[in-house]
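The values are calculated or read from the model by the stated rules, or taken from the named source; none is laboratory data. Here the structure is a predicted model, which is why all the values come from computation and not from measurement. In this analysis, Cβ positions are derived from the backbone assuming ideal geometry, glycine residues included, and neighbour counts consider all displayed protein chains.
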Amino acid sequence: MQKWLPSECKCPITYTLSVIGGKWKWLILYKLFQNGVQRYGELKQSMPSITHKTLSQQLKELEAEELVYRNQYYQVPPKVEYSLTEKGKTLIPILQRMSDWGANNNPLQNTSNSG
């Protein structure tokens, strides 16, 4: 499946999906929103089913889109922290609405109907 390039997208929805589409980007953004500044290992631990390669790639793509800030400390051992940029924070209302929708519509959370 070929990805959309942001430069090719004239439709706002297509552009948004080209920037933050996929399985993991929304979750990475939400984890950074929930927990604030996170080190790579903390992010990985909070999403155990993501591979190291995928997490690294997704973080690079989010950083390239200026949604995530990467702060590297030049020390031994190396230390890198990730946080949301101001542009990334503009997605928080959407993330909160997605969370609300999931909480209200997830059949695993709506056990009161199953008696």
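Annotations for the structure displayed:
- Residue satisfying all of: in segment 30-56; outside any helix (DSSP H, G or I) and out of contact with any Ser or Thr (no Cβ under 6 Å at 6 or more places or on another chain); surrounded by the most Cβ atoms within 10 Å (Cβ to Cβ) among these: Gln38
- Leu59 surrounded by 15 or more Cβ atoms within 10 Å (Cβ to Cβ), among the hydrophobic types (A, V, I, L, M, F, W, C) and touching a Gly at 6+ places or on another chain (Cβ under 7 Å): no
- Considering (1) at negative phi; (2) surrounded by 11 or more Cβ atoms within 10 Å (Cβ to Cβ), the lone condition that Trp101 does not fulfil carries the number (2).
- Among (1) in a helix (DSSP H, G or I); (2) surrounded by 10 or more Cβ atoms within 10 Å (Cβ to Cβ); (3) modelled with pLDDT under 85, the one test that Gly22 misses: (1)
- Checked against (1) over 20 Å from Gln34 (Cβ atoms); (2) of a type outside the set (D, E, K, R); (3) touching a residue at least 40 places away in the same chain (Cβ under 8 Å), Gln72 passes all but a single condition, namely (3).
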